[in-house]
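*Asks:* Shown below is the structure under consideration.
The values are calculated or read from the model by the stated rules, or taken from the named source; none is laboratory data. These numbers were taken from a predicted model, which means no experiment stands behind them. Positions of Cβ are generated from backbone atoms using ideal geometry, with glycine treated the same way; all protein chains shown enter the neighbour counts. For the accessible areas, the whole protein counts, side chains as well, though only heavy atoms, and no ligand, DNA or RNA atoms are used. Shrake-Rupley method; radii C 1.70, N 1.55, O 1.52, S 1.80 Å.
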Amino acid sequence: MQLHTSSWPEVEAYLTRSKGIVIPIGSTEQHGPNGLIGTDAICPEVIAAHAGAQSDMLVAPTFNVGCAQHHMAFPGSMTLRPSTMIAVIYDWVLSLGRHGFDRIYFFNGHGGNISTIQAAFAEIYADRSLARDGSNRGPVKCKLANWWDYKPVYKYCMDTYGKSHGAHATPSEVAVTQYAYPDAIKTAEMTPKIAPSARYTDAEDYREKFPDGRIGSDPSLANPTDGKKLVELSSKGLIEDFAAFVAS
Ligand code: NI
């Protein structure tokens, strides 16, 4: 069930069955020579849509621009400052909390978002912790999970791609987008075959160290068949983990 395609009476009825909602959250940033700019938003969106069609789970709109300052030397990338992103997550959660949602599951597609999402959770919890007489707002619990976190997904990535998986513009995330958008599949020469790995700071430093945008990966290995399998595995993990979270 998608929030965007539901009516308010349907949401009101859902709230009598569940107080949980999934928010796909990603980024709009370069993903190497053959990866789509929207990769990190597309992956959680597509997996959550799959899960939402198979179970009684409400899926919110995708939070599709995240913390990607280090990708800003590549055309097309967009970013929020961490402070902006914290403020926006705060308002999204409060909006949902206003209607009675109290289990907010952030389903993430971008490693660079993790620390900022966790900081936003701390801001939300601090409101209640610091209220002199206890907040009059109900306790909202937030959870963060990355789409690749579930054990069978991680195992599939390692078994299929091994040392070529890498850390950015990975074959697994590119495969998911190829399954989701077969008309947008790109091909490109990967030189070197497996991209370098290193630490980085700002956008200029990143582009100097990773000239084609990849880190440690060979995304030419991606194919839509693997993408379908990854969507199914991650969707299963999401359904199980969300149900446990809502029941907690
Ligand atoms: Ni990515």
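*Asks:* May I ask for log10 I(q)/I(0) of the chain at q = 0.10, 0.12, 0.16 Å⁻¹, from a Debye sum over the Cα atoms as equal point scatterers with solvent left out?
*Replies:* After summing over all Cα pairs, the log10 values are -0.49, -0.70, -1.15.
*Asks:* Could you work out the relative contact order of the range 1-138, using alpha carbon pairs under 8 angstrom and six or more residues apart, expressed as a whole percent?
*Replies:* Relative contact order, the range 1-138: 29 percent.
*Asks:* Here is a further query. Considering only protein heavy atoms and a 1.4 Å probe, what is the carbon-and-sulfur percentage of the accessible area of the chain?
*Replies:* 55 percent
*Asks:* Now a separate question. In sequence order, what are the phi-derived ³J(HN,Hα) couplings for the range 61-67 according to the Karplus relation 6.51 cos²θ - 1.76 cosθ + 1.60 with θ = phi - 60°, rounded to whole Hz, with x for glycine and proline?
*Replies:* Working through the residues one at a time gives x, 7, 7, 10, 10, x, 8 Hz.
*Asks:* Another question, then. In nm, to one decimal, how far is the modelled label at Lys141 from the one at Ser248, with both set 7 Å along Cα→Cβ?
*Replies:* For the pair Lys141/Ser248, the computed spacing is 0.6 nm.
*Asks:* Which whole-Hz ³J(HN,Hα) couplings does the range 68-79 yield from phi under the Karplus relation 6.51 cos²θ - 1.76 cosθ + 1.60, θ = phi - 60°, glycine and proline marked x?
*Replies:* So the J values, rounded to whole Hz, are 9, 4, 6, 9, 6, 8, 10, x, x, 5, 10, 9.
*Asks:* While we're here: Could you list the square roots of 5 times each eigenvalue of the Cα gyration tensor of the range 149-195, that is, the equivalent ellipsoid semi-axes, sorted largest first and rounded to whole Å?
*Replies:* Working: eigenvalues 73, 53, 10 Å².
Working from the Cα gyration tensor, I get semi-axes of 19, 16, 7 Å.
*Asks:* Among Lys155/Lys228; Lys143/Lys209; Lys151/Lys193; Lys186/Lys228; Lys155/Lys186, which pairs are too far apart, with a Cα-Cα distance over 22 Å?
*Replies:* Over 22 Å apart, Cα to Cα: Lys143/Lys209; Lys151/Lys193; Lys155/Lys186.
*Asks:* How many Å² of accessible area per residue for the range 94-188, probe 1.4 Å? It would help to have the intermediate numbers written out before the result.
*Replies:* Numbers: 5000 Å² over 95 residues.
Here the residues of the range 94-188 average 53 Å² of exposed surface.
*Asks:* Could you please state, rounded to a whole Å, how far the C-alpha centre of the range 1-56 is from the C-alpha centre of the range 130-201?
*Replies:* Here the answer is 15 Å between Cα centres.
*Asks:* Taking H placed 1.01 Å from N in the peptide plane, check which residues at least 5 places from Leu58 or on another chain put their amide H under 5 Å from its amide H.
*Replies:* Residues meeting the criterion, in which the H sits 1.01 Å from N, are Val22.
*Asks:* Given the DSSP H assignment, sum -39500 (n - 2.57) over each helix run of at least 4 residues in the chain and divide by its residue total; what's the result at 222 nm in deg cm²/dmol, nearest 500?
*Replies:* Numbers: 8 runs with 112 residues, N = 248.
-14500 deg cm²/dmol, from helical runs alone.
*Asks:* When the convex hull of the Cα atoms of the range 62-187 is projected onto a plane and the area is averaged over all directions, what value comes out in nm²? Intermediate results must be reported in sequence, preceding the final value.
*Replies:* On the way: hull surface 40.3 nm².
So the Cα hull casts an average projection of 10.1 nm².
*Asks:* FRET efficiency for Ser7 and Leu94, Cβ-Cβ distance as r, R0 = 25 Å, nearest 0.05?
*Replies:* Values: r = 22 Å, r/R0 = 0.89.
For R0 = 25 Å, the calculated efficiency reads 0.65.
*Asks:* Amide H of Thr28 versus every other amide H placed in the peptide plane: which residues, excluding those fewer than 5 positions away on the same chain, fall under 5 Å?
*Replies:* Gly66, Met78
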